[in-house]
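The values are calculated or read from the model by the stated rules, or taken from the named source; none is laboratory data. Just so it is clear, the model here is predicted, and its values are computed rather than measured. Note: ideal-geometry Cβ built from the backbone for every residue, glycine included; neighbour counts use all protein chains shown. In case anyone asks, the SASA skips ligands and DNA or RNA and just uses the protein heavy atoms, side chains included. Shrake-Rupley method; radii C 1.70, N 1.55, O 1.52, S 1.80 Å.
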Amino acid sequence: MAPVHEELGCYLLAGAGGSGPATLVQEARRAEELGFGTAFLSERWNVKEASSLVGAACAVTSRIRIATAATNCNTRHPLVTASWATTMHRLSGGRFTMGIGRGVAPLYSAFGIPEVTTAHMEDWARVTRRLWRGETIIGHDGPMGSYPVLFLDADFDEDIPLALVAFGPRTLALGGRVFDDVILHTYFPPETLTRCVTTVKRAAEQAGRDPDAVRVWSCLATVGDHLPEADRLRKTVGRLATYLQGYGELLLRTNDWDPAVLQRFRDDPVVQSVPGAIDAKATVAQLEHIATLLPSDWLSVAATGTPDRCVARIRDEFSYGADRVILHGASPDELEPILAEYGAATVR
């Protein structure tokens, strides 16, 4: 049995979903076997519907924590979301973490879904916790909406961790104030990571909470050179390019990156020719071209190279203030050599 590293997490169905949802079962089992502390699931509107995937992952594992990072708090009725979380909490024996995020505003607008605000997420978190305590809420009228009655079960007294995927200072502060886990975004340089951790911990302290009780997760793109070059391109260049497609301005503001680079990227005819998310739809030739548009210091934030180099980069994240680290962008099997080196280096 491999040693368990509670401080490390990985994603299941990383990126656009790999070979499809049927691979989830094996990935969840492998993440547990390899010793990851938490397996995360993100949601996309294709074949990555979060409640289905979480149920499958909980059912085929017995030790590893299963967390969403993230789903939305505005695309399901709040009673549906709270009931789902309670079901997963009990199904898994207390191993489930409900993680939400703000989502992508342009998609919400296109689909006719109201945009999520920071106040909405805070209101939702506080209401959800009241429902898990068995309360009946009459006439709720707040940022999350108006509801005549919200009620699940008077016998409930559930302690289900809530996580928040956060970018900007207001969302980070909300995480420290209300949530149990704060999950940062991929491609955060050291100075961004340190600043984000400080913001979360300070907000927790100001809210009268123990700052150490709020876990801040670095989300570190981890792509070893044992993978084929085409896969490495998709998991580094393709992934970062997809973030720039969806919310490039936010990522640039957060990292203090040059906005002129983003404009050149978006104006590029090859970028414009990709029919959808670059990490899912671009060809190898297109990815090779797009790599020339991205500064090397943007891409160098990732953990790349040999397993020992990747492990050194992972350990750097703890020195910059992270409580825990998600090895992002690769499947559990793809991360196996790196996790083995991490474990070996720990005992040396």
Taking Cα pairs closer than 8 Å and at least 6 residues apart, the relative contact order of the chain in percent is 18 percent
In Å², nearest 10: area of Leu79 left accessible to a 1.4 Å probe: 40 Å²
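Note down the Stokes-Einstein diffusion coefficient of the stretch 104-155 in µm²/s, whole number, using a Kirkwood radius over alpha carbon pairs, 37 °C, and 0.692 mPa s. All intermediate terms of the calculation are to be shown ahead of the outcome.
Working: Rh = 12.2 Å.
Translational diffusion coefficient: 270 µm²/s.
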Using the Kirkwood formula over every pair of different C-alpha atoms, what hydrodynamic radius in Å results for the stretch 64-169? 14.4 Å
About the Cα centre, and with charges only on the beta carbon of Lys, Arg (+1) and Asp, Glu (-1), how big is the dipole of the stretch 47-186? Nearest 20 debye, please. 380 debye
How would the stretch 164-253 be classified by its alpha-carbon gyration tensor: rounded, prolate or oblate, with rounded meaning a/c under 1.5 and the a/b versus b/c comparison settling the rest? prolate
Computed [θ] at 222 nm, helices only, for the chain once each DSSP H run of length n ≥ 4 contributes -39500 (n - 2.57): -14000 deg cm²/dmol
To the nearest 20 debye, what is the magnitude of the charge dipole of the stretch 202-348 about its Cα centre, counting +1 on the Cβ of each Lys and Arg and -1 on the Cβ of each Asp and Glu? 200 debye
Using the Karplus curve 6.51 cos²θ - 1.76 cosθ + 1.60 with θ = phi - 60°, what ³J(HN,Hα) values do you get for each residue of the stretch 22-39, in whole Hz, with x for Gly and Pro? 5, 6, 4, 4, 5, 5, 5, 4, 5, 4, 5, 4, 6, x, 5, x, 9, 10
If you average the sequence gap of Cα pairs under 8 Å that are 6 or more apart and divide by the length of the stretch 121-252, what percent do you get for the contact order? 17 percent
Probe 1.4 Å, all protein chains in place: accessible area of Phe167 in Å², nearest 10? 30 Å²
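Please label the shape of the stretch 241-281 as rounded, prolate or oblate, based on the square roots a ≥ b ≥ c of the eigenvalues of the alpha-carbon gyration tensor (a/c under 1.5 means rounded; beyond that, a/b larger than b/c means prolate, else oblate). Intermediate values should be presented prior to the final figure.
On the way: a/c = 3.41, a/b = 1.59, b/c = 2.15.
Oblate is the answer for the stretch 241-281, as a/c is 1.5 or above yet b/c matches or exceeds a/b.
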Whole number in Å², please: accessible area per residue of the stretch 121-244, 1.4 Å probe, ligands, DNA and RNA not counted. 40 Å²
Would you mind telling me which residue in Ser51, Ser300, Ser19 has the biggest mean-square fluctuation in a Gaussian network model of the chain, where springs connect alpha carbons within a distance under 10 angstrom? Ser19
Just to verify a number: what accessible area does Lys281 come out at with the full protein assembly present, 1.4 Å probe, Å² rounded to tens? 120 Å²
If you find the alpha carbon centre of the stretch 218-242 and of the stretch 277-303, how far apart are they in angstrom? 9 Å
For the chain, just say rounded, prolate or oblate: build the C-alpha gyration tensor, square-root its eigenvalues into a ≥ b ≥ c, call rounded for a/c under 1.5, and beyond that prolate if a/b exceeds b/c, oblate if not. prolate
From highest to lowest solvent-accessible area (probe 1.4 Å; ligands, DNA and RNA excluded), Arg44, Arg309 read Arg309, Arg44
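Could you sort Glu43, Glu229 by their accessible area in this structure, using a 1.4 Å probe and putting the largest first?
Working: Glu43 40, Glu229 120 Å².
Output order, biggest surface exposure first: Glu229, Glu43.
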Taking the alpha-carbon centroid of each part, what is the distance from the stretch 94-146 to the stretch 305-348 in angstrom? 33 Å
